[in-house]
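Working notes, beginning with the structure itself.
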Amino acid sequence: MRNVARSEQGFVLPISLIFLVVMTLLAITAIRKATMDEKVGGNLRAQEAAFQAAEKALRFCERSIVLATGDRNMCKQRAGATIPIQDPKTVDLELMTAKDIKDSFPKLWKDKATWVGGGKIATALTGADVQTGVVEQPSCLIERWPLIGREERYYPYVITARGVGTTDTAVVYLQEIIRCGNY
């Protein structure tokens with residue numbers, strides 16, 4: 001019996017240590033995955049809040065233009081509307097090409113200063129339209145798209161809305177083109 005006891009070299013200890021290392025690695029992986037899932041979920045919530053804020057701003061700006069079919073004031077600014085309509089300068093071209101149409105598309109919405117800071121032109125939601133649970137109030141901007149050769153009252157409007165979610169890195173821009181009249 002004595003010979004059997006001497007031949008044992010501590011087999012259980014190395015196996016237990018290997019098992020412990022494997023279990024530790026599995027636990028660390030599970031914690032990392034749970035943390036990553038939570039970050040992804042938080043980002044999706046922030047992005048959805050930004051989208052909803054931008055959608056609300058888009059509807060806010062739409063209300064400042066008369067869009068009722070058959071109304072004599074259709075496509076004009078609604079009486080009492082506080083959102084200014086930005087009118088870009090037009091370039092008078094005899095023949096309008098696809099490039100001319102693209103080049104005449106309003107560009108004010110692309111400028112960061114339009115949305116934030118001292119040069120802010122966009123209108124932020126106020127009063128009953130205020131969005132809760134967001135870092136910054138949604139805002140919108142209305143620009144005319146001057147298509148050459150059209151009556152001024154039939155210029156399409158380009159409405160751009162900007163929404164910021166629950167973090168300042170979740171920003172959504174929505175854009176809508178409203179065209180009135182037949183042309």
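What follows draws every value from the coordinates through simple rules; no lab data is involved. Fair warning: this is a prediction, and the values are worked out from it, not measured in the lab. Quick reminder, even Gly has a Cβ in these numbers, built from the backbone with ideal geometry, and neighbours come from all protein chains shown.
Within 10 Å, Cβ to Cβ, of Gly119, how many net charges do the neighbouring residues add up to if Lys/Arg are +1 and Asp/Glu are -1?
+1
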**Prompt:** Where a Cα-Cα gap under 18 Å defines reach, which lysines qualify for Lys102, not counting those fewer than 8 residues away within the same chain?
**Reply:** Lys89, Lys110
**Fill in**
Fewest to most Cβ atoms within 10 Å: Leu26, Leu108, Leu58 sort as Leu26, Leu108, Leu58
**Message:** For a quick check: with amide H placed at 1.01 Å from N, whose amide H comes under 5 Å from Ile65's, ignoring anything fewer than 5 positions away on the same chain?
**Reply:** Arg78
**Sparse-neighbour loop sites [trypsin sites (Lys or Arg not before Pro); the stretch 33-79; at most 16 other C-beta within 10 Å; DSSP]** = Arg63, Arg72, Lys76, Arg78
**Fill in**
Looking only at lysines whose Cα falls under 19 Å of Lys112's and that sit 8 or more positions away or on another chain, we get Lys120
**Message:** Please compute the alpha carbon radius of gyration of the stretch 40-178, then divide it by the globular-protein estimate 2.2 N^0.38 Å. Two decimals is fine.
**Reply:** 1.14
